[in-house]
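The values are calculated or read from the model by the stated rules, or taken from the named source; none is laboratory data. Since this is a predicted model, take the numbers as computed values, not measurements. Counting neighbours? That spans all protein chains shown, and the Cβs are built from the backbone with ideal geometry, glycine included. Surface areas here come from the heavy atoms of the whole protein model, side chains and all, with no ligands, DNA or RNA. Shrake-Rupley method; radii C 1.70, N 1.55, O 1.52, S 1.80 Å.
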Amino acid sequence: MKLSEYAKEIFRDFLVIFASIIIIITVLRQIYAPELVFDLVSIYTIMGFCLLGALTGIILYAPSGISERAMRVRIMVHFLVLEILLVTLASFIGVVASLSGALTLALQIAVVYAIVRVLSYEKDKKDADKINERLKAVKQES
């Protein structure tokens, strides 16, 4: 995969992560605290965390083919780096002040990560199906 295509994927992941977090927070606020509103600082903080999270996707970049096992290892490393980086940053800027807050944030990150992985898997599955159809068409022509 070309680096420019991978950059588009990272940007798409950023948008999916950001949209997921905003939607989840909006729904939860409507249920538990309808009087709360988003301020610009909150939105920029969420956006910064999402961008940082999406940029760690560079760990997954492989210019040539990579084995399934190596990709799974990269995914695990990516997840761990992401968790550590975001929880540490949240602690430094004061978003998280306690161990329970850090664990809650880590769980939230894991849920959003799972959503992004599922969406990426679905896209990869569609791409693989298209490639298989083209290969079948070429094979039938031969």
In the chain, carbon and sulfur make up what percent of the accessible area (probe 1.4 Å)?
70 percent
Using the heavy atoms of the protein chains and a 1.4 angstrom probe, tell me the accessible area per residue for the chain in square angstrom.
72 Å²
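Leaving ligands and nucleic acids out of the surface, order Phe38, Phe18 by accessible area at 1.4 Å, largest first.
The ordering from most to least exposed comes out as Phe38, Phe18.
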Heavy-atom accessible area order for Val81, Val41, largest first, 1.4 Å probe:
Val41, Val81
Net charge dipole size for region 24-142 [Lys, Arg +1 and Asp, Glu -1 on Cβ; Debye, nearest 20]:
460 debye
Using the charge dipole of region 37-132 (Lys, Arg: +1 at Cβ; Asp, Glu: -1 at Cβ; taken about the Cα centre), state which of Met71, Ile59, Ala114 has its Cα farthest towards the positive end.
Met71
How long is the gain from Ile24 to Arg74 if the chain were fully straight, where each residue apart is worth 0.36 nm and the alpha carbon distance is subtracted?
15.3 nm
Nearest 10 degrees, 0 to 90: what angle lies between the long axis of helix 68-93 and the longest principal axis of the chain (Cα atoms)?
20 degrees
Taking 0.36 nm per residue of separation and subtracting the Cα-Cα distance, what length does fully extending Ile66 through Glu141 add?
24.0 nm
Which value in nm describes the separation of the simple spin-label points at Arg117 and Ser98, placed 7 Å from the Cα toward the beta carbon?
2.9 nm
Taking 0.36 nm per residue of separation and subtracting the Cα-Cα distance, what length does fully extending Lys8 through Gln108 add?
33.5 nm
